[in-house]
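Each value in this text was obtained by applying a stated rule to the coordinates, not by laboratory testing. Note that the structure is predicted; figures quoted are calculated from it, not measured. Neighbour counts are summed over all protein chains in view; Cβ atoms, including those assigned to glycine, are modelled from backbone coordinates with ideal geometry.
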Amino acid sequence: MDDALEQPDLSLAVARLRDGGLVAFPTETVYGLGADALNADAVRGVFAAKGRPSHNPLIVHVTGQEMARRVVAPGAWSARAEKLARAFWPGPLTLVLPRAAVVPDEVTGGGPTVAVRCPDHPLALSLLFEFGGPLVGPSANASGRVSPTDAAHVREAFAADQVHVLDGGACQTGIESTVVDVTSERVRILRPGVVGAHAIAHVLGEAVEEHGSVIEAADKDGAALASPGMLASHYAPRTRAVLVEGPELEGLLEDYEDEAVVVITHALREIEPPHELIEMPPDAGEYAARLYRALREADTRDVGLIIVERPPVSNTDAPGNAAIWAAVLDRLKRATSI
Ligand code: TXA
Ligand code: MG
């Protein structure tokens, strides 16, 4: 089939963006709520539509290194940034670097840094190229809720006249990009994703601080959150959700004899009615790709509780899989923290 035939007409989307409007676009991770990153009014529109606290900065999406250099401070596109972009872009890795003056305060939460990434999705890249400039792109959901991995999820969250939605089908990766701070002496993972510390360390040839130790250090110092996305409750369904180990599951189900619950599990299990089951794939990457869809589906069932069985994070796993499981577990903990 001719690829050119598959490319939708982007002129309407680009016109919206030039007007300061909002265009949701697919990426390999989740759908983003796009706006002109260099237009402060347009960026304020993104915060308003999402109900997002203004101190939580946005990721700037770019076509590649050349556009990235336009949004970071002169000389700030470091050897580290170049190595990581070469190895992982386009892809699910976001780099935090000193910002350029041209980036509005609205994008960075008033801070001295800017987060940049080049998404690995043909529609996102075409949009960026046709628009010809950087786009902010937080996940296209109401703040604090489950991220969208399908165009239908975006349409549920926003009115049609408020957000123009580009439909690129289901997202392949399914969880948000790894956010890595390359401004400090020690490279630090601010948000875990499918690109793990091990892979980053390998490319840079230096040690990388894992997300877990970044969180621990912040807790100990009582320090301001380096990345507001580390806020505990996030990615949450509306129904109460808990994360349990396999052996705890039976007892919990007995406690809920009179009220239906839905169980999300990677393990083969029989669940007696009125309880319901959502089966997850045992493979790390496939589990991640399905995670948000499963949480949304569980939320639509008429149940009092969502029980997620903790997936198997085995330390004998290949480092790549271990990183994906760690990122999945991070999202599950947030989804079940209230
Ligand atoms: O995969 C993704 O990254 C998706 C797709 C659409 O690209 N976008 C996404 O954006 O997840 P959002 O806004 O939902 O999450 C951005 C994360 C937040 O945790 C935010 O705190 C962090 O990146 N962040 C943004 N700018 C930052 C900065 N300058 N310093 C530290 N963290 C930053
Ligand atoms: Mg988000």
_Likely footprinting exposure, S126, S139, S54, S147, fewest C-beta neighbours within 10 Å first_ = S54, S126, S147, S139
*Starting from the amide H of G34, placed 1.01 Å from N in the peptide plane, find each other amide H under 5 Å away whose residue is 5 or more places distant or on another chain.*
V23, A24, F25
_At a 10 Å Cβ-Cβ cut-off, how would you order T113, T27, T149, fewest neighbours first?_
T113, T149, T27
_Please rank Y31, Y287, fewest neighbouring Cβ atoms within 10 Å first, as an exposure proxy._
Y287, Y31
*Sum up the charges of everything whose Cβ sits under 13 Å from the Cβ of S54, counting Lys and Arg as +1 and Asp and Glu as -1, but leave S54 out.*
+1
*To the nearest 500 deg cm²/dmol, what mean residue ellipticity at 222 nm is calculated for the chain from DSSP H runs of n ≥ 4 alone, each contributing -39,500 (n - 2.57), summed and divided by the residues?*
-10500 deg cm²/dmol
*Helix 246-255: angle to the longest alpha-carbon principal axis of the chain, degrees 0 to 90, nearest 10?*
60
*Would you mind computing Rg(Cα) / (2.2 N^0.38 Å) for the chain, counting N as its residues?*
1.00
*With each label point set 7 Å from Cα along the Cα-Cβ vector, what nm distance links S54 and E272?*
5.6
*For region 44-120, calculate the relative contact order in percent as a whole number, restricting contacts to Cα pairs under 8 Å that are 6 or more residues apart.*
43
_Extension gain (nm, one decimal) between L252 and S337, 0.36 nm per residue minus Cα-Cα_ = 28.9 nm
*Alpha-carbon Debye profile of region 46-132, log10 I(q)/I(0) at 0.14, 0.15, 0.23, 0.25 Å⁻¹*: -0.48, -0.56, -1.17, -1.28
*Taking Cα pairs under 8 Å and at least six residues apart, what relative contact order does the chain come out at, in percent?*
18
*Of E286, E245, E106, which is the most mobile in a GNM of the chain whose springs link Cα atoms less than 10 angstrom apart?*
E245
